[in-house]
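Shown next, in structure tokens, is the structure this report addresses.
The values are calculated or read from the model by the stated rules, or taken from the named source; none is laboratory data. Computed from a predicted structure; not experimentally measured. Cβ atoms come from the backbone with ideal geometry, glycine included; neighbour counts cover every protein chain shown.
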């Protein structure tokens with residue numbers, strides 16, 4: 001089991017991505033904790049979480065996804081565990097460094113991780129960063145208002161921790177992303193004929 005886990009982590013470039021994600025999340029979230037403006041703190045926290053899941057999200061797929069699918073591996077469990085680990089990691093780092101309410105950090109980490117999984121399943125792991133960073137950027141420039149409902153939903157990452165609609169949206173994104181990625185995995189990356197993918201292509205077969 002230990003060897004299997006090691007092969008999986010290397011095939012997903014986790015040994016390189018994990019330190020980078022931890023540093024990036026901490027570096028972005030710390031400045032927000034330095035001020036007295038709760039909204040500023042939250043904006044920095046959301047960007048830190050989005051950056052963290054984006055860095056780790058690149059590992060949601062391997063160099064040869066199509067080949068890996070032929071291996072006799074319970075992929076749904078591995079994928080689910082991987083995504084949950086991403087959310088827990090960035091949540092832990094942001095909780096220690098951002099100064100944002102714990103409920104908000106947990107909610108946003110789960111929702112943004114779900115967006116990362118959806119982007120990986122739809123576009124491929126190399127573009128897993130698109131949805132979390134795009135949503136975080138949009139939410140940062142739109143005031144977190146309660147009305148109209150569309151703006152309230154759009155700005156869910158910056159809503160107060162006791163906002164029910166924001167919690168529902170985050171939970172829906174997290175659940176949808178988890179199920180979609182667990183079942184489908186990352187969209188295979190098409191390589192030109194004769195080209196070889198870089199990185200460790202070994203899979204936990």
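For segment 88-112, give me the residue count where each residue is over 15 Å from residue 24 (Cβ atoms) and assigned to a helix (DSSP H, G or I). The qualifying residues number 11. Scanning segment 71-87 for residues that are exposed (fewer than 14 other Cβ atoms within 10 Å of the Cβ), out of contact with any helix residue (DSSP H, G or I) (no Cβ under 8 Å at 6 or more places or on another chain), in contact (Cβ under 8 Å) with a residue 12 or more places away in the chain and not in a helix (DSSP H, G or I) turns up at least one hit. Scanning segment 139-178 for residues that are assigned to a helix (DSSP H, G or I) and out of contact with any helix residue (DSSP H, G or I) (no Cβ under 9 Å at 6 or more places or on another chain) returns 141, 150, 151, 164.
Answer yes if at least one residue in segment 38-57 is closer than 18 Å to residue 138 by Cα, assigned to a helix (DSSP H, G or I), more than 18 Å from the chain's Cα centre (by Cα) and touching a residue at least 24 places away in the same chain (Cβ under 8 Å), and no otherwise.
Yes, segment 38-57 has at least one match.
Looking at 128, 113, 134, which is the one that is under 18 Å from residue 187 (Cβ atoms) and without any contact (Cβ under 8 Å) to a residue 60 or more places away in the chain? Matching residue, one of 128, 113, 134: 134.
Here residue 23 meets each of (1) under 22 Å from residue 166 (Cα atoms); (2) at pLDDT 95 or above with one exception, condition (1). Among the numbered conditions (1) over 29 Å from residue 35 (Cβ atoms); (2) modelled with pLDDT of 90 or more; (3) assigned to a helix (DSSP H, G or I), the only one that residue 186 does not meet is (3). The number of residues in segment 14-28 being within 15 Å of the chain's Cα centre (by Cα) and buried (at least 16 other Cβ atoms within 10 Å of the Cβ) comes to 7. Among the residues making up segment 123-135, those that are in contact with a helix residue (DSSP H, G or I) (Cβ under 8 Å, 6 or more places away or on another chain), part of a helix (DSSP H, G or I) and surrounded by fewer than 24 Cβ atoms within 10 Å (Cβ to Cβ) are 123, 126, 127, 130, 133, 135.
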